[in-house]
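S.K.: Here it is, the structure, as structure tokens.
The values are calculated or read from the model by the stated rules, or taken from the named source; none is laboratory data. Predicted model, so just to flag it, every value in this text is computed and none were measured. Glycine gets a Cβ as well: all are built from the backbone with ideal geometry, and neighbour counts include every protein chain shown. Only protein heavy atoms, including side chains, enter the accessible area calculation; ligands, DNA and RNA are left aside. Shrake-Rupley method; radii C 1.70, N 1.55, O 1.52, S 1.80 Å.
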Amino acid sequence: TLRTVHTNPDFSPDAAQGNLVTMLNVPGITLDQISDAVVAEFSVNEDATEFTFTLREGLHWSDGYPVTTEDVRFAFEDVFSNPELYPSFPNHLRSGGVSQGEPMQLEIVDELTFRYISAVPYGALLTNMGTRWPGPGVPGFMKPAHFLKDFHIDYTSLEELRPYLEEEELTDEWHTLFATKDIGSFDTTSRRAIGFPVLSAWQRVESAPGVIALERNPYYFKVDIEGNQLPYIDRIESHEVSDMETTVMRVITGEVDYLREAAGLPHMPLYREHQEEAGFTPHLFRRILSPTTLFLNHTYDDPVWQEVVSDLRFRQALSLALDREEIIDTVKFGHASMPEWVSEEFSQFDPDRAEALLDEMGMDQRDSDGYRLSPSGEPFELRLEVAPGIAEIIPTSELVAEYLQDIGLNASMREIGWSLMWQRIGANEMQASVGWLHPGGWPEVSNDYQMGIWGSGTDWQTWYNTDGESGQEPPEWAMVGWNVYEEVQQTRPDDPYIEELRDELMQWYHDYFPTIIITEEIRDPLITAANLGNVAKGGFAIPAYMPVEQMFFRQ
């Protein structure tokens with residue numbers, strides 16, 4: 001049994017991410033090679049508009065039911081194409097991989113072979129099918145039709161659904177019932193995932209209160225080089241903890257075998273002090289993302305806020321106000337570097353110049369408490385709302401609020417839960433936050449550079465996703481992120497043109513500060529039991545800690 005911990009009652013991040021399964025396999029984050037997984041064979045035509053895939057022969061869902069192209073057809077035609085289930089057809093199945101593209105054509109060739117046809121080049125399709133994180137995973141392309149048809153109105157009458165509807169306190173809302181029965185890639189640790197057929201290494205099972213338990217899938221398709229079926233570990237147990245302090249205490253008392261997301265750089269000195277007596281090993285990997293990037297919601301529904309945030313000088317001033325060296329030393333313990341994706345001119349700590357920029361843009365007047373007023377003379381407030389994903393987020397956010405106060409801004413920081421965070425982002429109620437970004441510029445594996453990520457332009461994102469039917473039209477400078485995104489989606493991941501797009505993105509960040517990157521080249525900690533084998537020794541964090549199915553306990 002592999003032991004970990006979680007704070008969200010129904011979600012264990014390490015268990016969920018270590019249990020992802022994809023259609024194709026991408027061994028490394030840089031997409032140097034793409035190989036078979038659920039899909040055994042694939043081919044792509046020269047202009048990346050026609051993709052043919054053959055599923056692995058003999059593949060079964062965790063309940064023993066055979067996997068066929070009916071699972072692909074059902075997902076595409078009966079789930080994603082049903083407006084009651086998906087009011088907006090998923091972007092990853094649209095031509096070109098963008099919201100404006102028409103749905104691809106799906107051809108079912110035989111029981112194991114299917115074909116996607118895109119109206120325009122869609123070079124990133126293989127990337128979207130193979131990247132373990134982020135990405136739609138297997139549920140984004142196929143679903144267990146034999147199981148979910150029992151809850152779909154096209155296959156089961158409303159009267160037959162009635163007992164299930166009543167159980168969920170529903171009347172005729174079959175689509176709501178279906179949504180509770182369907183399980184996505186990051187829902188695998190939820191209680192509602194119990195009994196859902198999966199292709200992943202472990203499946204959710206009944207467990208005691210406060211414990212999320214997963215047991216090995218007897219039909220899991222991967223084997224080691226000697227033919228032994230994976231996973232080696234029979235069971236994963238994630239125990240609920242109330243806060244970061246409890247997490248740390250469980251680690252240093254030897255009650256945790258695997259901890260990634262909540263490990264936290266600030267706790268590394270304490271981990272190293274107790275590692276031998278508690279029987280665990282702390283690791284540091286290269287991280288391709290920064291968990292502490294400052295996001296401003298350019299579309300927050302307040303004219304005073306939009307007046308201030310839309311001024312480039314304001315965003316430049318915020319960057320100059322950040323003492324990045326102090327953050328690197330005190331929060332990252334030296335395991336980070338100054339950002340290349342912020343020009344050297346504006347990555348330096350220069351509060352005097354920051355104040356001069358604010359004065360220049362008309363924020364030179366102050367209220368009775370000494371805080372700066374907006375250029376129109378109205379009170380201005382900057383509220384940071386952050387969720388405690390990993391240990392660095394809260395202390396970094398506290399320092400950011402202090403730095404902004406030092407240049408005369410009425411800035412504050414409030415810690416909120418994840419559910420409230422996503423609710424406020426979706427409702428365009430978030431002013432500012434601190435969260436994850438890929439500052440190293442990996443356009444082929446991430447869309448973090450789109451305006452709208454982490455609520456950095458919620459109404460702009462809505463406008464883009466609805467092709468201008470609703471939301472707020474972004475300014476020309478903000479469209480750069482989406483324009484690059486569309487080009488990336490059309491470009492094959494092995495095309496050198498990706499490098500040009502990365503350079504274009506970097507220049508965009510230098511020129512416009514779409515988000516304010518604080519640090520880069522951060523190290524990602526991982527805690528593992530001292531007797532846990534097949535743990536990577538180095539490299540990028542994501543491919544290093546994802547293949548939990550290959551880990552084992554030494555006797």
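S.K.: On the Cα set of the stretch 1-142, report Rg and Dmax in Å, please.
M.R.: Taking only Cα atoms of the stretch 1-142, I get Rg and Dmax of 15.9, 48 Å.
S.K.: Which aspartates and glutamates, on any chain, are close to Lys537 with Cα under 13 Å apart, when same-chain ones fewer than 8 places away are left out?
M.R.: Cross-link targets: Asp524.
S.K.: If you don't mind, there's one more thing I want to ask. Heavy atoms only, probe 1.4 angstrom, no DNA, RNA or ligands counted: give me Phe147, Phe333 ranked by accessible area, highest first. Before the final figure, lay out each step's value.
M.R.: Working: Phe147 50, Phe333 90 Å².
Ranking Phe147, Phe333 by accessible area, largest first, yields Phe333, Phe147.
S.K.: What is the distance in Å between the Cα centres of the stretch 276-348 and the stretch 492-550?
M.R.: Rounded to whole Å, the Cα centres lie 16 Å apart.
S.K.: Percentage of Cα-Cα pair distances in the chain greater than 33 Å, rounded to whole percent?
M.R.: Roughly 46 percent, rounded to a whole number.
S.K.: Given N residues in the stretch 55-116, what is its alpha carbon radius of gyration divided by 2.2 N^0.38 Å? Don't skip to the answer; put the middle values down first.
M.R.: Working: Rg = 13.1 Å, N = 62, 2.2 N^0.38 = 10.6 Å.
It is 1.24.
S.K.: Let me ask another. Among the lysines, select those whose C-alpha is under 18 Å from the C-alpha of Lys181, and discard any that sit fewer than 8 residues away in the same chain.
M.R.: In chain and number order, the partners are Lys143, Lys149.
S.K.: Quick one: the Cα spread of the stretch 95-238 along its three principal axes, in angstroms, biggest first?
M.R.: 50, 50, 28
S.K.: Let me ask something else about it. How about the stretch 162-197: which GluC sites (Glu not before Pro) there are in a DSSP loop, with at most 15 other Cβ atoms within 10 Å of their Cβ?
M.R.: Working: sites: Glu166, Glu167, Glu168, Glu169, Glu173; in loops: Glu168, Glu169, Glu173.
Answer in residue order: Glu168, Glu169, Glu173.
S.K.: Per residue, how much accessible area does the chain show when a 1.4 Å probe rolls over the protein heavy atoms, in square angstrom? It would help to have the intermediate numbers written out before the result.
M.R.: Values: 22450 Å² over 555 residues.
In whole numbers, the chain has 40 Å² accessible per residue.
S.K.: Excluding ligands and nucleic acids, what accessible area in Å² is computed for Thr171 using a 1.4 Å probe, to the nearest 10?
M.R.: Roughly 90 Å² of Thr171 is accessible to a 1.4 Å probe.
S.K.: So if we plug the beta-carbon distance of Arg235 and Ser88 into 1/(1 + (r/R0)^6) with R0 = 35 Å, what FRET efficiency do we get, rounded to 0.05?
M.R.: That gives a FRET efficiency of 0.35.
S.K.: Roughly how many percent of the accessible protein surface of the stretch 298-339 is carbon and sulfur, given a 1.4 Å probe and a whole-percent answer?
M.R.: Carbon with sulfur: 46 percent of the solvent-accessible area.
S.K.: Ranked by accessible surface with a 1.4 Å probe, highest first, in what order do Ser376, Ser200 come?
M.R.: Ser376, Ser200
S.K.: Does anyone have the angle between helix 268-278 and the longest principal axis of the chain? Alpha-carbon axes, 0 to 90°, nearest 10?
M.R.: 40 degrees
S.K.: Right, something else. Could you rank Leu505, Leu312 by how accessible they are, 1.4 Å probe, largest area first?
M.R.: In descending accessible area the options line up as Leu312, Leu505.
S.K.: Taking 1 over the mean of 1/r across every pair of different Cα atoms in the stretch 400-555, what Kirkwood radius in Å do you get?
M.R.: 18.6 Å
S.K.: Moving to a separate point now. Determine the calculated [θ] at 222 nm for the chain from helices alone, applying -39500 (n - 2.57) to every DSSP H run no shorter than 4 residues and normalising by the residue count; nearest 500 deg cm²/dmol.
M.R.: After summing the helix terms and dividing by residue count, I get -8000 deg cm²/dmol.
S.K.: Still on this structure, please answer the following. So which GluC sites (Glu not before Pro) in the stretch 38-80 end up in coil per DSSP with only 15 or fewer other C-beta atoms within 10 Å?
M.R.: Filter output for the stretch 38-80: Glu46, Glu57.
S.K.: Which value, in nm² and rounded to one decimal, describes the direction-averaged projected area of the C-alpha convex hull of the stretch 251-350?
M.R.: 8.7 nm²
S.K.: Using only the Cα atoms of the stretch 354-475, each taken as one equal point scatterer with no solvent, compute I(q) by the Debye sum, divide by I(0), and report log10 of the ratio at q = 0.09, 0.15 Å⁻¹.
M.R.: Once normalised to I(0) and log-transformed, intensities are -0.32, -0.87.
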